[in-house]
Amino acid sequence: MFFTQRRDTLMTKSIAGLAGCLFTAFCVPGLLFAQGGVKDTDFYSKSWAVVIGINDYQNHQYNLEYAVNDAEAMALRFEHMGFEEVIPVIDADATRENILQLLTVELPQKIEENDRLVIFYAGHGASGQLMNPDEWISGQDRVGFLVPHDAVFDFKSLDDNAIAIENYQSFLEETHFISLEDLRNVSDSIRAKQILYILDGCYSGFLDPAAYKFRSARRTAFVGESSATAHGTQRGLEINPPRPADNESQRGMKLSVDDSGPLHEEKKLASRPTVQILTAGSSGEPVVEKGGHGIFTFYLLRSLDGFIDDNANCVVRVSEMAYYLREVVPKASRGQQTPLFGRISGEGDMIFVPSICNPLEEKDLAAPTADSDWQKAEAYKAKTQGGYKEPTHIVVDHARHLYVLDSKRQKIFQFDSAGNFLSDDFSFVQDGRQWIPHSMAVRANDDLWVFYKAPGKQKEPGKILVFQPTGETGDNWAGALAIDSCDFGEKPFPSQALIALDWEDNLLLLDQEQETHMKCDSDGMLVLQKGPEGDYARFKGAQGMTVDNFGYLYIANTEGHGIQKFFDGQWIKTRWPQLKGNDKLYFKRPHGLAVDQQLFVYVADTENHRIKKYTNKGEKLLSCWGKKNAAKGSKYGQFKKPKDVAVSPDGRYVYVADTGNKRVQRFINQ
């Protein structure tokens, strides 16, 4: 076959203390806080992204699994980073004609000179060998292609997976492939100040126009899990971003800002025209996958989230990203992939502002207001259902259905968006035994997932049941009604666990007894299992866990009185305190956590009887509400040992399980 399918803490008191802990948050008059305070418009008039992802090919023999995942994840990042125009081109829409019509006809009429354009492609790539020397490009006989949805797969392949091309032009007409010349035409027709191609497909290295003049001896492509490199040869296309000098950052290009003003160097680079290209692999290399993504896109997403922003200036250059990817992707793919980076033209460097760096607005600093009408709703105290005894967990779906888990009554209550009671039929009985609901989460399609622990004192593996919003059991993970296994190897399924679901339908579990967090994919296969890695990454007696839209995991280090953050098992350094205290700077046995669409983090500071709202890494306490001096209270807007907090998916409402007062309060975000 000619190509391979994609497979395979430190706390800063002076910052955190600027927001008070009153029901109406105190803030310094006239001072605008920001997670980073940098805006995309500091560099570009308008930002455009075309995001192409193809799983479903016209010839289904060549279908993929995760290319659309990659494209959708990238589209989400661009939207959160403030791109004004994000254009998805997915599956059947991604024909050669549609792609080129968009890129060479429609966009040139809209994009202006001070705009920037990012073109991301995830799907099959192909390499070809020009058999006629008269058709060689820049003296080279090898070419690369993107493979659109309507590609025709009818040609002769060579031993190294390349396509034998007897007549180049006829080949393009017959196969509908997108060629190097097609990409050059895009660059020539669009007036954007800066253009970036990001190509995540097999053999995408052959598509780098800048690579031809640097080309060295090509080696035979390899496929599969091993990476037996041919001795005495180099990878086909070597485009290396320069290594930093001794006085530069450890990752990528020079990061210092000169004396002319903040981000002067970055603004200068963003002002210079350029066309850049970043590919998933070198020539002849297949693409490996990790965690439901191409491994290249997996780490690309991390870099866009600011993971490589070593100097914390809230700016990430493409050259920095390229250097990071060339370090991490070869290691993670066991030598099968080495990304390429180069400039086709110009001297600029595209700039990205991670979404957590977007400036905050005044409304982000205010505590939400009390929803006084909610006190009349059945969901407030569930009086007609016998009342709550110990509401400990709450979740909200896209229709604003509220689910309340009462640990003492061992029941789950469902309410509609107005707080009217709908159902409490979420019980699970097996072999005559009533299992106990312990934790729950809502899936992207609004299914409710519930982790049940065994009744009695004997430790048994827990089970997970999945319910539709109607209360009926629905399709679920691993296809079994009661889930009690994920391929955990020698370790048993947890007997007591918190659960969360990310936007890709991966199931995240936190084994509360073993201090271990795990991730299973939608087929029930274990893809990650991580235990404690030293005191800095512990989560002792964890009673809360949530995941944000980007897959970052937040765990309440309940007995350690702090919050921990992870990505794919790796601990992320934050500025949340890990210290016990009743001052607004500290936590005292925090429980529930929530993250909203703006990536603000809400914490139920349980034994301080308050709710806190933070920036994404805990750099700033934006607001907190409850009674003064960390005292418990019974008035609306005051709390007694709140154990959970939830935010509606649209960010409009904040719900609090006010456990000690046996009620669920609702607040309105401005």
In the list A556, A500, which residue meets the criterion of being in the same structural domain as L448 (by TED's automatic domain parsing), buried (at least 21 other Cβ atoms within 10 Å of the Cβ), under 23 Å from the mean Cα position of the chain (by Cα) and modelled with pLDDT of 90 or more? A500
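Got a sec? Which of F415, F428 is modelled with pLDDT under 95 and in contact with a Leu (Cβ under 6 Å, 6 or more places away or on another chain)?
Values: F415 fails: modelled with pLDDT under 95.
Step by step, each of F415, F428 is checked, and only F428 is modelled with pLDDT under 95 and in contact with a Leu (Cβ under 6 Å, 6 or more places away or on another chain).
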Please determine whether any residue of region 376-388 is in the same structural domain as S648 (by TED's automatic domain parsing), outside any loop (DSSP other than H, G, I, E, B) and touching a Ser or Thr at 6+ places or on another chain (Cβ under 9 Å). yes
Search region 179-197 for residues that are farther than 24 Å from R142 by Cβ and of a type in the set (S, T, N, Q) and pair each with any residue that is in a loop (DSSP other than H, G, I, E, B) and modelled with pLDDT of 85 or more when their beta-carbon atoms are under 7 Å apart and the residues are at least 6 apart or on different chains. Q194/P273; Q194/G348; Q194/M350
Identify, by number, the condition in (1) crowded, with 23+ Cβ neighbours inside 10 Å; (2) within 24 Å of A192 (Cβ to Cβ); (3) over 22 Å from the mean Cα position of the chain (by Cα) that C357 doesn't meet. (3)
Determine if region 544-551 includes at least one residue that is hydrophobic (A, V, I, L, M, F, W, C), modelled with pLDDT under 90, assigned to a loop (DSSP other than H, G, I, E, B) and out of contact with any strand residue (DSSP E or B) (no Cβ under 7 Å at 6 or more places or on another chain). yes
Flag for V404 being outside any loop (DSSP other than H, G, I, E, B), crowded, with 23+ Cβ neighbours inside 10 Å and not assigned by TED's automatic domain parsing to the domain that holds G281: yes
Conditions (1) in a strand (DSSP E or B); (2) in contact with a Pro (Cβ under 6 Å, 6 or more places away or on another chain) -> S345 fails only (2)
Among the residues in region 451-461, are any surrounded by fewer than 20 Cβ atoms within 10 Å (Cβ to Cβ), among the aliphatic types (A, V, I, L, M) and at pLDDT 95 or above? no
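Specify which of the listed residues (A94, A126) is crowded, with 24+ Cβ neighbours inside 10 Å, within 30 Å of the chain's Cα centre (by Cα) and over 22 Å from R343 (Cα atoms).
A94 is the lone residue from the list that is crowded, with 24+ Cβ neighbours inside 10 Å, within 30 Å of the chain's Cα centre (by Cα) and over 22 Å from R343 (Cα atoms).
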Could you check region 345-400 and list, in sequence order, the residues that are modelled with pLDDT under 95, hydrophobic (A, V, I, L, M, F, W, C) and touching an Asp or Glu at 6+ places or on another chain (Cβ under 9 Å)? I351, F352, V353, I356, C357, A399
It is to be established whether one or more residues within region 418-436 are of a type in the set (S, T, Y), in a loop (DSSP other than H, G, I, E, B) and in contact with a Ser or Thr (Cβ under 9 Å, 6 or more places away or on another chain). no
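In region 79-114, which residues are part of a strand (DSSP E or B) and either more than 24 Å from C357 (Cα to Cα) or not hydrophobic (A, V, I, L, M, F, W, C) (or both)? Walk me through how you get there before you give the answer.
At the first step, the residues of region 79-114 found to be part of a strand (DSSP E or B) are 85-90.
Across region 79-114, the qualifying residues are E85, P88, V89, I90.
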Filter result for I52 (within 23 Å of D502 (Cα to Cα), at pLDDT 95 or above and either among the polar types (S, T, N, Q) or not assigned by TED's automatic domain parsing to the domain that holds D548 (or both)): yes
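The values are calculated or read from the model by the stated rules, or taken from the named source; none is laboratory data. Given the structure is predicted, the values throughout are model-derived calculations rather than measurements. Backbone-built Cβ (ideal geometry, glycine too); neighbour counts: all protein chains shown.
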